[in-house]
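Here's the structure we're looking at; comments come further down.
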Amino acid sequence: MPRLAFLALAAALTICAQRPGPEPKVELLWPNGAPAAQGSSDADQPSISIHLPQGRKAQGAVVVCPGGGYGALAVDHEGRQIAQWLNSLGAAAFVLKYRLGPKYHHPVQIGDAHRAIRIVRSRAAEFRIAPDKIGIWGFSAGGHLASTAATKFDSGKPGDADPIERVSSRPDFAILSYPVISFTTEYTHKGSRRNLLGDNPDPDLVKLMSSELQVSKDTPPTFLFHTNEDTGVPPENSVLFYLALRKAGVPAEMHIYEHGRHGVGLAWSDAVLSSWPARLADWMRGRGFLDPAK
């Protein structure tokens, strides 16, 4: 695409993303109070923002986990914009506001992610989505949370008093964008590890939360995106997870672009890097998570 045409398209997409639309409905994951809550402020109440494609049944659905080092949430370019992009392709999106460190440590965050997946799956008919096409997408530290959800899950808790807890927490696919993965190597993002596990975590817990060590044959198909210039979270994180997926026989696709800083989101302002969402859309269509005609 000629550069001027690309810039015009990028400007149009940006205007679209900034144009006011219907406000998403926000629902608490636990309306009567979250487990292990340390208060009743907004920070103590995890929630999902519900973004559904207008006037049509969704082909797939994605729980979106913004990044922020487990200490903040980049809810605009790694949340709202992602949901709008998914909606434009006919997919439903549920942006997760999970609890953060240093106030909250593991396993609170993965509990929030599991609950979000269970809610979406338990209400699939209401949201007009397929219960077997529910994925999780994470950015940076949100990518670590998504990779944890993709490697640590259950098929539901039979007999639980809460019917939502009886539903499987396993995502059907995972999307990891410049993810934090390893907590045991030189490529570790130390701020994310500290916020999630504390200052002096048990070495066994560190290994348990190093996602490349937790991949199994049951880990869902995964798409990874990273940049070679990323100095915040080195691309070796994605490479380690991809190699673990390969070893376990899990279908995977990875794209590492030469240029691009950490935290680019959809990268609409970069003529080269902005091609990566199209690669993701192709992958999702190929696996049946998007309408092939859209």
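The values are calculated or read from the model by the stated rules, or taken from the named source; none is laboratory data. The model shown is predicted, which means the values in this text are computed figures rather than measured ones. Glycine also receives a Cβ, built like all others from the backbone with ideal geometry; neighbour counts cover every protein chain displayed.
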Subset of the stretch 257-269 that is over 21 Å from Y70 (Cβ atoms) and touching a residue at least 60 places away in the same chain (Cβ under 8 Å) - its residue that is nearest to the chain's Cα centre (by Cα): L266
For the stretch 57-76, pairs from a residue that is closer than 13 Å to G138 by Cβ to a residue that is of a type in the set (S, T, Y) and in a loop (DSSP other than H, G, I, E, B), with Cβ under 6 Å and 6 or more apart or across chains, are G67/S140
Can you pull out every residue in the stretch 64-79 that is surrounded by 24 or more Cβ atoms within 10 Å (Cβ to Cβ) and either farther than 16 Å from G265 by Cα or touching a Phe, Trp or Tyr at 6+ places or on another chain (Cβ under 9 Å) (or both)? V64, C65, P66, G67, Y70, E78, G79
Starting from the stretch 84-103, take each residue that is closer than 16 Å to V26 by Cβ and charged (D, E, K, R) and list its partners that are at pLDDT 95 or above and surrounded by fewer than 20 Cβ atoms within 10 Å (Cβ to Cβ), counting only C-beta distances under 8 angstrom and pairs at least six apart or across chains. K97/S49; K97/V75; R99/A43; R99/D44
Modelled with pLDDT of 95 or more and on the phi > 0 side of the Ramachandran plot: does that describe Y178? yes
Just name the residue that is surrounded by the fewest Cβ atoms within 10 Å (Cβ to Cβ) out of those in the stretch 148-195 that are basic (K, R) and closer than 29 Å to P234 by Cβ. K190
So if I check each of P171, P179, which one is closer than 25 Å to R123 by Cβ and under 16 Å from the mean Cα position of the chain (by Cα)? P171
Count of the stretch 245-290 residues which are buried (at least 17 other Cβ atoms within 10 Å of the Cβ) and of a type in the set (D, E): 2
Condition first: under 16 Å from K133 (Cα atoms), at pLDDT 95 or above and of a type in the set (D, E). Now tell me which residues in the stretch 249-294 satisfy that. D282
Identify all residues within the stretch 159-199 that are touching a residue at least 40 places away in the same chain (Cβ under 8 Å) and among the hydrophobic types (A, V, I, L, M, F, W, C); write none if there are none. I164, V167, F173, A174, I175, L176, V180, I181, L196, L197
Pair list, Cβ < 6 Å and 6+ apart or interchain, from the stretch 225-244 residues that are surrounded by fewer than 18 Cβ atoms within 10 Å (Cβ to Cβ) to residues that are among the charged types (D, E, K, R): N228/E258
Of the residues that sit in the stretch 92-142 and are hydroxyl-bearing (S, T, Y) and touching a helix residue (DSSP H, G or I) at 6+ places or on another chain (Cβ under 7 Å), which one is farthest from F289 (Cα to Cα)? Y98
Being closer than 30 Å to G90 by Cα, in contact (Cβ under 8 Å) with a residue 60 or more places away in the chain and touching a Leu at 6+ places or on another chain (Cβ under 7 Å) narrows it down to one residue among M209, M284, M254; which is it? M284
How many residues does the stretch 74-91 contain that are among the β-branched types (V, I, T) and under 27 Å from P292 (Cβ atoms)? 1
Does G90 satisfy the criteria of being within 18 Å of the chain's Cα centre (by Cα), within 30 Å of W283 (Cα to Cα) and crowded, with 19+ Cβ neighbours inside 10 Å? no
